[in-house]
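Take a look at the structure below.
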Amino acid sequence: MKVSIIGGGGLVGSMAGYALQVSGAVSHLCLIDANADAAKGHALELLHGACLTHDTRLSAGSMEDVATSNIVVITAGLRRKPDESRLDLINRNVDLFLTLLDGVKAAGLQDDAYLVVVSNPVDVLTYLAVQRSGLRWQRVLGLGTQLDTARFRGYLARALHVPASQVQAMILGEHGDSMVPVWSSATVAGLPINQWPGFDANVQREAFDETKTAGATLIKLKGGSGFAVGLSIREVVEALATDSRRVLPVSTLQQGLYGLRDVCLSVPTVVGCGGVRQQIELELTPKERTGLQNSARVLREIIDQVEARVGKIRADRVMAGKPASAGAIPRRAWQPVR
């Protein structure tokens with residue numbers, strides 16, 4: 001299993017490479033970057049630690065490596081300039097992403113490859129990749145709220161003085177301001193979080209506020225997120241590579257669940273061989289469902305603005321092979337009877 005990381009010379013791409021090397025889930029890891037020296041340097045340093053981790057083949061390469069890659073991860077992106085609007089930044093990143101996507105296609109992306117989008121705005125870029133990559137939509141996944149979910153669980157664990165691995169809680173929707181915390185299914189060690197000692201409205205508010213502002217906080221403190229986003233990327237790539245069928249909040253094309261269509265955002269998704277194996281529809285509270293639908297509206301407005309500028313493409317292969325859906329899972333199935 002060969003994984004190529006476009007943007008592998010940057011903070012996020014190199015951290016993802018390190019996390020994948022330590023996991024041992026892939027046989028070949030290739031770092032690709034416009035800054036070829038940075039990619040070579042990171043690949044060389046990974047080689048220095050190879051005897052202490054796993055026997056993963058390591059290289060710095062070029063777009064030509066895409067043709068022999070099973071998974072292509074795109075992490076390259078631009079940061080906001082002083083006084084630049086959010087839409088201007090989105091447009092610049094869209095232009096960069098479409099250039100990279102054209103390069104990926106020209107290099108000979110395999111029909112059975114997977115494309116994992118990490119660059120921001122991740123939901124918008126994932127949608128563009130679904131429409132333009134030539135891959136079936138199930139094989140195009142955005143990191144989505146996987147990182148937000150990891151942050152959320154960490155903040156809740158700290159507030160409740162429990163191990164983070166014992167906290168199960170998801171952020172769904174947009175990887176951005178309209179993200180939605182799903183409190184109705186949150187648990188600690190399998191027990192409803194709202195019954196856990198110490199959990200109250202203040203913990204609820206502070207944990208979500210910290211999650212929403214985590215990216216900005218890390219930019220202010222140390223220039224950006226690296227460790228956690230690398231580990232989050234590893235979770236998605238491992239699920240694809242090992243067919244672990246993990247349920248992850250990744251950004252994928254929506255075709256009716258929760259009343260959402262023609263937009264990419266995060267819902268609980270079974271990820272494994274073939275990519276998106278199943279999208280799960282929980283019976284959310286009215287507030288949570290409304291929040292998810294608002295998230296879709298926000299993203300659809302941005303996509304409309306972007307497509308008005310770069311043009312629309314609707315690939316024939318996009319809608320082929322709709323995965324199975326379990327239907328709505330009622331809350332009574334995972335909440336105690338009162």
**Asked** Among the residues of region 251-274, which ones are part of a strand (DSSP E or B) and out of contact with any Pro (no Cβ under 9 Å at 6 or more places or on another chain)?
**Response** Ser251, Thr252, Leu253, Gln254, Gln255, Arg261, Asp262, Val263, Cys264, Leu265, Val271, Gly272
**Item:** Pairs where the first residue, in region 229-241, is without any contact (Cβ under 8 Å) to a residue 60 or more places away in the chain and over 19 Å from Thr211 (Cα atoms) and the second is basic (Lys, Arg) and open to solvent by 30 Å² or more (accessible area, probe 1.4 Å), C-beta under 8 Å, 6+ apart
**Value:** Ala239/Arg245; Ala239/Arg246
**Request:** Go through region 31-63 and count every residue that is without any contact (Cβ under 8 Å) to a residue 12 or more places away in the chain, surrounded by 13 or more Cβ atoms within 10 Å (Cβ to Cβ) and of a type outside the set (A, V, I, L, M).
**Result:** 1
**Asked** Here are Leu143, Leu109, Leu125: which of them is farther than 21 Å from Ser295 by Cβ and modelled with pLDDT of 95 or more?
**Response** Leu109
**Complete:** Checked Leu141, Leu156, Leu125 against criteria (surrounded by 24 or more Cβ atoms within 10 Å (Cβ to Cβ), farther than 18 Å from Gly311 by Cβ and touching a Gly at 6+ places or on another chain (Cβ under 9 Å)); the one match is Leu141
**Asked** List, please: which pairs have Cβ atoms under 7 Å, are six or more places apart or on different chains, and start with a residue in region 208-227 that is in contact (Cβ under 8 Å) with a residue 60 or more places away in the chain and of a type in the set (Lys, Arg) and end with one that is surrounded by 13 or more Cβ atoms within 10 Å (Cβ to Cβ) and in a helix (DSSP H, G or I)?
**Response** none
**Message:** Suppose the filter is open to solvent by 40 Å² or more (accessible area, probe 1.4 Å), within 15 Å of Thr126 (Cα to Cα) and at pLDDT 95 or above; does Arg289 pass it?
**Reply:** no
**Asked** Which members of region 184-211 meet the condition of being more than 15 Å from Arg151 (Cα to Cα) and in a strand (DSSP E or B)?
**Response** Ser184, Ser185, Thr187, Val188, Leu191, Pro192
**Message:** When you check Val162 against the structure, is it more than 16 Å from the chain's Cα centre (by Cα), modelled with pLDDT of 95 or more, open to solvent by 10 Å² or more (accessible area, probe 1.4 Å) and of a type in the set (Val, Ile, Thr), yes or no?
**Reply:** yes
**Prompt:** Conditions: (1) part of a helix (DSSP H, G or I); (2) closer than 30 Å to Ala308 by Cα. Arg151 meets all but one. Number of the miss?
**Reply:** (2)
**Request:** From Arg234, Arg246, Arg261, grab the single residue that is among the charged types (D, E, K, R) and surrounded by 19 or more Cβ atoms within 10 Å (Cβ to Cβ).
**Result:** Arg234
**Prompt:** Restricting attention to region 53-67, which residues are outside any strand (DSSP E or B) and closer than 20 Å to Ala25 by Cβ?
**Reply:** Thr53, His54, Asp55, Thr56, Asp65, Val66
**Message:** Here are the criteria: (1) farther than 26 Å from Ile303 by Cα; (2) at pLDDT below 95; (3) open to solvent by less than 30 Å² (accessible area, probe 1.4 Å). Tell me which single one Ala214 does not satisfy.
**Reply:** (1)
**Asked** If a residue has to be more than 22 Å from the chain's Cα centre (by Cα) and modelled with pLDDT of 95 or more to count, how many in region 263-286 make the cut?
**Response** 2
**Request:** With the checklist (1) out of contact with any Gly (no Cβ under 9 Å at 6 or more places or on another chain); (2) assigned to a loop (DSSP other than H, G, I, E, B) in hand, flag the one item Ser225 doesn't pass.
**Result:** (1)
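The values are calculated or read from the model by the stated rules, or taken from the named source; none is laboratory data. This is a predicted model, so every value here is computed, not measured. When we count neighbours, we look across all protein chains shown, and the Cβ atoms used for this are built from the backbone with ideal geometry, even at glycine. Heavy atoms of the whole protein, side chains included, go into the accessibility calculation; ligands, DNA and RNA do not. Shrake-Rupley method; radii C 1.70, N 1.55, O 1.52, S 1.80 Å.
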